[in-house]
1. Sorting check: for 303-312, 131-140, which peptide has the highest mean count of neighbouring beta carbons within 10 Å, and how do the rest follow?
2. Sort HIS147, HIS321, HIS302 so the one with the fewest other Cβ atoms within 10 Å of its own Cβ comes first.
3. Using Cβ counts within 10 Å as a stand-in for footprinting exposure, how do CYS85, CYS243 rank, fewest first?
4. Using only the alpha-carbon atoms, how far is helix 2-19 inclined from the longest principal axis of the chain? Give it as 0 to 90 degrees, nearest 10.
5. If I fit a long axis through the Cα atoms of helix 136-145 and take the longest principal axis of the Cα atoms of the chain, what angle between them do I get, 0 to 90°, rounded to 10?
6. Would you work out the charge dipole size for segment 62-151 about its Cα centre, treating the Cβ of every Lys and Arg as +1 and the Cβ of every Asp and Glu as -1, and quote it to the nearest 20 debye?
7. Treat each spin label as a single point 7 Å out from the Cα along the C-beta direction, and report the THR308 to ASN203 distance in nm.
8. Label point 7 Å out from MET322 along Cα-to-Cβ: which residues of segment 241-273 have amide N under 16 Å?
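We did not get these values from a lab; they are worked out from the coordinates using the rules stated. Small disclaimer: the values here were computed from a predicted structure and weren't measured. Here Cβ is always computed from backbone atoms with ideal geometry, including for glycine, and neighbour counts include all displayed protein chains.
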Amino acid sequence: MQKYTLFLLFLLSVVACKDKPPIEEEIEEQPIEANYNPTSYDLSIPDLLPEMDIPADNELTVAGVQLGRHLFFDPILSLDSTISCASCHLPELGFSDPNTVSFGVNNATGTRNAMSLVNVGFFTKGLFWDGRSQTLEEQALLPVEDHLEMNEAWPNVIEKLRRHPDYPAMFREAFGVEFRDEIDRSLATKALAQFERTLISGNSKYDQATRNEIFLEDEEVNGQQLFFFELSQQQDHPGCSHCHGGPLLTDNRFVNNGLDSVANLNDFMDKGRGIVTGNFGDNGKFRVPSLRNIALTAPYMHDGRFETLEEVLDHYASGGHMAENLDANIRPFTLTERQKQELIAFLETFTDESFVNNPNFKSPFD
Ligand code: HEC
Ligand code: HEC
């Protein structure tokens with residue numbers, strides 16, 4: 001009798017085993033064939049730019065950056081394989097989007113203009129227009145599951161990556177995982193962050209002039225004087241550098257630059273920083289964006305409301321809309337047509353051709 005039960009159990013277990021999909025078992029159990037031999041990636045930050053804060057548990061490696069670059073350009077991260085990070089962050093446009101608001105899976109539209117990712121590794125006071133994400137690793141989790149963006153679930157993405165013919169080896173080379181089931185979202189977002197930290201721009205005409213390698217044209221020099229504020233200068237001055245100063249061309253604060261006319265601070269359509277802090281006084285404040293490659297990243301502002309730099313200058317010259325928390329440095333100034341062109345000529349010196357044409361920042365699939 002006992003023998004018979006044992007035999008039955010044995011039979012049952014054979015049947016149970018047969019029920020498991022054998023391919024998956026094979027995939028999960030075989031060690032990944034690839035070598036783990038990490039070489040650190042040399043960021044070579046140009047003089048004048050600050051040091052970059054890199055998390056101790058995500059040092060850059062050549063294989064990590066390569067993996068991140070593949071993930072960044074691969075629509076595999078989206079529900080129907082139509083959208084990659086690069087669909088909204090186009091490398092040839094300084095990793096920004098020419099659409100006013102970006103289109104996600106099924107043409108869903110968001111409410112904000114995609115930000116440029118130029119020098120994004122230096123921004124450690126909060127990412128997004130409202131600063132709601134602290135690190136690039138944390139940020140990279142969000143677009144995948146955002147219904148208006150990639151509209152996919154991380155467990156599905158991870159399943160697709162584990163079964164992929166190439167990614168397991170790349171994960172092994174980057175992070176030393178032995179088995180496919182060690183591939184997870186934390187490693188995927190680490191790789192994306194590594195790639196994003198390499199997106200450094202510091203060789204624009206403006207940088208070259210600052211390093212005394214070239215001279216700016218007279219028109220550009222005049223524009224530079226309109227851009228940079230000096231204490232001796234009178235009030236009637238654009239003074240863009242109050243906020244867009246320093247080597248990164250932003251002071252990374254959250255301010256209201258007067259875009260919207262509101263009866264009170266609760267009336268902002270998009271409350272911006274106020275959504276994150278919950279402080280009434282932060283409603284309508286947005287992060288001061290860097291102006292690097294600004295000539296390439298139209299349309300402008302968090303909602304892409306301005307098509308051209310002329311429109312941006314008209315906004316600032318008007319002094320913006322009054323509000324309790326309007327920044328003190330937003331006030332009307334006069335700008336002749338000629339000065340406007342000079343200021344724009346200076347803004348165009350922020351374009352970094354070597355960044356935009358860097359083959360390492362292009363899709364690895366082309
Ligand atoms: C459907 C369009 C879309 C897709 C796809 C998309 N983004 Fe974005 N991205 C945006 C928009 C819009 C913002 C600004 C959103 C906001 O401020 O609320 C943004 C902001 C960011 C920022 C913040 C930059 C800064 O300076 O603060 C980073 C970093 C970023 N995206 C990386 C990624 C990565 C990595 C992926 C792929 C995993 C991705 N994005 C996919 C539209 C997109
Ligand atoms: C008081 C701080 C402040 C001053 C002064 C200032 N800006 Fe800005 N700037 C901002 C903020 C904040 C934003 C983002 C606002 C938003 O989208 O809601 C911005 C956005 C921009 C943008 C759009 C960037 C993008 O990626 O969409 C441009 C271009 C710009 N500013 C140029 C200038 C110029 C040129 C001047 C001088 C005439 C100037 N700014 C003066 C704070 C300032």
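1. Numbers: 303-312: 16.5, 131-140: 18.2.
Top of the packing list down: 131-140, 303-312.
2. Values: HIS147 13, HIS321 16, HIS302 19.
So the residues, fewest neighbours to most, are HIS147, HIS321, HIS302.
3. Least crowded to most crowded, the residues run CYS243, CYS85.
4. Its long axis makes an angle of about 30 degrees.
5. For 136-145 against the chain, the angle is about 70 degrees.
6. Approximately 240 debye in magnitude.
7. The modelled label-to-label distance comes out at 3.2 nm.
8. 258-265, by backbone N distance to the label point.
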